[in-house]
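Report on the structure given below.
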Amino acid sequence: MTFRRRLVQAAVALAKPAAASRGSVATTAAAIQHATNSAACTGLPRAQFPWAKVSLGFAAAGLMTVAEPPSAGCTSTAVKADGQAAAPPLPAVKPQDGSVSHKVVFVLGGPGSGKGTQSARLVEEFGLVHLSAGDLLRAHMKSGSPEGQMVADMIKDGKIVPSHVTISLLQQAMDNSGKHKFLIDGFPRNEENRSSFESQTGIQPELVLFFDCPEEVMERRLLGRNEGRTDDNMETIRKRFKVFIESSLPVIQHYEALGKVARINADRSADDIYKEVRRLVVEL
Ligand SMILES: Nc1ncnc2c1ncn2[C@@H]1O[C@H](COP(=O)(O)OP(=O)(O)O)[C@@H](O)[C@H]1O
Ligand SMILES: Nc1ccn([C@@H]2O[C@H](COP(=O)(O)OP(=O)(O)O)[C@@H](O)[C@H]2O)c(=O)n1
């Protein structure tokens, strides 16, 4: 029995009567989602999220302060693009040491689910800093260092790079932005990413956007992406799907149990998806 089939079956067993299961990431995720705390409110309007009413503390928020230009993998554009009313500024939560805290939205989903596409739109409309873990790692692999070579090898093989490398790149980019509202795309991708980030930065996400998309749709998009990436080939794509199911879905499940996940059907046009995404973010 393949791993994926086992996982789907396990999720379905948990999830009765969740409709399963041609083995797609979407059905697996739906089953897991169904199995987790229904109070997580995935798919409900943002105002109904239980956590929306809670002011979260950010213990180690004062760690990041410097103001320099954004670096690779980090983009930011001033508020507004479409003529609609701009989002009200996010209130800064003041940590006890007087420094400004960081607000983070994690953007998760399988490879090719549209994380980068939707993040770019959010950057265009809102004053968020977009940190793509993948972009930061791809920039790092060009450094010519032994660590850069290790990252290149792991990406080509569809593996998850050790957390200390990725977190250090993220932390540097956060420092360099001089801002405190971040859209972190493609991270955390496994439990090690998640727990190390939380313990090292003290940051908990305000919201986790989960782009839920069937594998066959993601596969088609990745094969058509045409960005010259070493991992957008059929062999590596298969490995990335497996890693996503095996390592990344449990992270989503973790945040779902905390009521922080908004599951978004990513098998739609980019415009339709964005309508839903912006509604979630505008309410933050
Ligand atoms: N909703 C969508 N419908 C069709 N194609 C899409 C959609 N969203 C993204 N794409 C395309 O699919 C490919 C993968 O999208 P991307 O945003 O890079 O995904 P991810 O960051 O999750 O890997 C890109 O070529 C992108 O233009
Ligand atoms: N947190 C992360 C994010 C990406 N990566 C690596 O970077 C690759 C590409 O990630 P990405 O987010 O840019 O792209 P997609 O796989 O989502 O299309 C992953 O397959 C991993 O090899 C990682 O190791 N750790």
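Values quoted throughout were computed directly from the atomic coordinates according to the rules given, and no laboratory measurement underlies them. Keep in mind that this is a model prediction, so the values were computed, not measured. In this analysis, Cβ positions are derived from the backbone assuming ideal geometry, glycine residues included, and neighbour counts consider all displayed protein chains.
Numbers below:
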quantity: Residue-by-residue Karplus 3J(HN,Hα) for region 157-168, coefficients 6.51, -1.76, 1.60, Hz, glycine and proline x; calculated: 9, x, 8, 8, 5, x, 4, 4, 5, 5, 5, 5
quantity: Ellipsoid equivalent to region 232-284 - semi-axes via the Cα gyration tensor, in Å; calculated: 25, 18, 7
quantity: Set of region 230-269 residues, backbone N closer than 11 Å to the point 7 Å along the Cα-Cβ line of THR117; calculated: 266-269
quantity: Per-pair calculated FRET efficiency, R0 = 30 Å: SER195 and THR230 via Cβ, rounded to 0.05; calculated: 0.60
quantity: Full-stretch length increase - LYS239, GLU283 - with 0.36 nm per residue and alpha-carbon distance subtracted; calculated: 12.2 nm
quantity: FRET efficiency, 1/(1 + (r/R0)^6) with R0 25 Å, evaluated for GLN149 and GLN171 via beta carbons; calculated: 0.70
quantity: Interchain or long-range residues, amide H under 5 Å from GLY109's placed H; calculated: PHE211
